[in-house]
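Since the structure comes first, as structure tokens, the remarks are kept for the end.
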Amino acid sequence: MARRSFSLLKALTKPTTSFSLTPIPTSRSVTYMPRPGDGTPRAVTLIPGDGIGPLVTNAVEQVMQAMHAPVYFEKYEVHGDMNRIPAEVIESIKKNKVCLKGGLRTPVGGGVSSLNVSLRKELDLYASLVNCFNLPGLPTRHENVDIVVIRENTEGEYAGLEHEVVPGVVESLKVITKFCSERIAKYAFEYAYLNNRKTVTAVHKANIMKLADGLFLESCREVAKKYPSIKYTEIIVDNCCMQLVSKPEQFDVMVTPNLYGNLVANTAAGIAGGTGVMPGGNVGADYAVFEQGASAGNVGKEKMVEQKKANPVALLLSSAMMLRHLQFPSFADRLETAVKHVISEGKCRTKDLGGDSTTQEVVDAVIANLD
């Protein structure tokens, strides 16, 4: 009996035929169920703009065509030296709800107001969003940078309320309202919540502008109470600039009044790789306008236009944001992946990224890498 038990135990412990487990994929594509009709091509208002604008918007048109993306463009000529944006352009944006634009040149001084600002006010595009992040393969001074700057877009110093009190004395009014401060704070926290961001930092100068920036901070604090899972911090704008250039990886989502946001976004863009690669857009309750994220250099220099060597990456990535906004996520992923592959490969780069490629050469490389 003991002998039989030993034989049974031996048989049970004998190694069996080897087999392999199917590896579980570490990542999988996320699918979604579109509603009937979601694949219908969407009209998008296109404003090529000034300077490098026609070059980089044409780059987007070529890539969209190569992808067979379900969008088509209604193109309008608008230039920064116009007195106002033509009524038919505003009507087109209101009809289509979405616009893609190049930079509009803003005259320095004089009596001509910025058409960029006019467009934001006309459409109540109260939130500007710029995403500043490291691109794989593009060397920068700092790593692990992934900052989203959300800027109030309709008031502050950009209210345009200036007048000459007496000859030689000009008064410029900074307007801050509770309504606009609350809605930009809500947008920032909602963005953080929807995108699994951990921290929202309010940028201010309330130690000096106690009423104006104090009201902005008060509004941010009230909204922050409704999002207990998101850490809320505050930083004075001058310290913010110093911290950005020394330790930018500490920042996540930043919410700012109008002027500070412009300065912070351009600084963050320069740290993360340059204004030529940072996407952005402006959004309100009803409309959205997508453009190069950081304003510095969005019109470019005449020599760059003549040589046709403008960097199209920022607007290509902004158009990927636009595709997600239009509920075409797979097209956005394909475009973004192709752009990142071209940057990582390093063979086609414009001068601002250390190369000598033309705009068209970058476009051709992106199209060749479309999946």
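The values are calculated or read from the model by the stated rules, or taken from the named source; none is laboratory data. Here the structure is a predicted model, which is why all the values come from computation and not from measurement. A quick note on method: Cβ atoms are made from the backbone with ideal geometry, for glycine too, and the neighbour counts reach across all protein chains shown. What goes into the accessible areas is simple: the full protein's heavy atoms, side chains included, and nothing from ligands, DNA or RNA. Shrake-Rupley method; radii C 1.70, N 1.55, O 1.52, S 1.80 Å.
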Subject >> Low-density loop positions, trypsin sites (Lys or Arg not before Pro), region 154-237 - DSSP coil, at most 14 other Cβ in 10 Å >> reply: 198, 210, 225, 226
Subject >> Loop trypsin sites (Lys or Arg not before Pro), region 286-350, which have at most 16 other Cβ atoms in a 10 Å radius of their Cβ (DSSP) >> reply: 301, 308, 347
Original post:
Considering only DSSP states other than H, G, I, E and B, which GluC sites (Glu not before Pro) in region 39-111 qualify as loop sites with at most 12 other Cβ atoms within 10 Å?
Top reply: 77
**OP:** Quick one: among 248, 312, 279, which has the greatest mean-square fluctuation in a GNM of the chain with alpha-carbon springs under 10 angstrom?
**Re:** 248
Original post:
Of all DSSP beta bridges located in the chain, what percent are antiparallel, nearest 5?
Top reply: 45
**OP:** Calculate what fraction, in whole %, of the accessible area of the chain sits on carbon and sulfur atoms when a 1.4 Å probe is rolled over the protein chains.
**Re:** 55
Original post:
Quick one: length gained pulling residue 141 to residue 245 fully straight, 0.36 nm per residue minus the C-alpha distance?
Top reply: 36.5 nm
Original post:
Regarding region 85-148, what are the three Cα extents along the principal axes, ordered largest first, in Å?
Top reply: 45, 33, 19
Original post:
What does the accessible area per residue of the chain come to in Å², with a 1.4 Å probe and no ligands, DNA or RNA counted?
Top reply: 53
Subject >> region 69-158, dipole about Cα centre (Lys/Arg Cβ +1, Asp/Glu Cβ -1), debye to the nearest 20 >> reply: 140
Subject >> Per residue, the convex hull volume that the Cα atoms of region 44-120 enclose (Å³) >> reply: 76
Subject >> Given the chain, longest segment not containing exposed loop chymotrypsin sites (Phe, Trp or Tyr not before Pro) (DSSP; at most 13 other Cβ within 10 Å) >> reply: 33-371
Original post:
In terms of the ratio Rg/(2.2 N^0.38 Å) built on C-alpha atoms, what value belongs to region 266-371?
Top reply: 1.06
Original post:
Taking only the alpha-carbon positions of region 231-294 and ignoring solvent, what does the Debye formula give for the base-10 log of I(q)/I(0) at q = 0.11, 0.18, 0.22, 0.29 Å⁻¹?
Top reply: -0.28, -0.72, -1.01, -1.37
**OP:** Sort out for me the Cα centre separation of region 28-71 from region 345-371, rounded to whole Å.
**Re:** 19
Original post:
How high is the relative contact order of the chain, in percent, with contacts defined as C-alpha pairs under 8 Å that are six or more residues apart?
Top reply: 19
Original post:
Considering the values [x] 29, 61, 10, 0; [y] 26, 53, 12, 5, 2, 0; [z] 21, 46, 25, 8, 1, which represents P(r) over Cα pairs in 20 Å bins from 0, in percent as calculated for the structure under consideration?
Top reply: [y]
Subject >> Selected from 70, 119, 230, residue furthest toward positive end of dipole (the chain; charges at beta carbon) >> reply: 230
**OP:** Go through 177, 327, 41 and say which Cα lies farthest out towards the positive end of the charge dipole of the chain; charges sit on Cβ, +1 for Lys and Arg, -1 for Asp and Glu.
**Re:** 327
Subject >> Net dipole in debye of region 256-371 [+1 Lys, Arg Cβ; -1 Asp, Glu Cβ; about Cα centre; nearest 20] >> reply: 200
Subject >> Length-normalised contact order for region 125-247 - Cα pairs under 8 Å, 6+ apart - percent >> reply: 20
Original post:
How big is the C-alpha Rg of region 218-262 next to the rule-of-thumb value 2.2 N^0.38 Å, as a ratio?
Top reply: 1.25
Original post:
Could you give the dipole magnitude of the chain about its Cα centre, charging the beta-carbon of Lys and Arg +1 and that of Asp and Glu -1, in debye to the nearest 20?
Top reply: 2060
Subject >> Per-residue ³J(HN,Hα) for region 210-225, Karplus 6.51 cos²θ - 1.76 cosθ + 1.60, θ = phi - 60°, Hz, x for Gly and Pro >> reply: 5, 7, 5, 6, x, 5, 4, 5, 4, 5, 4, 5, 5, 5, 4, 4
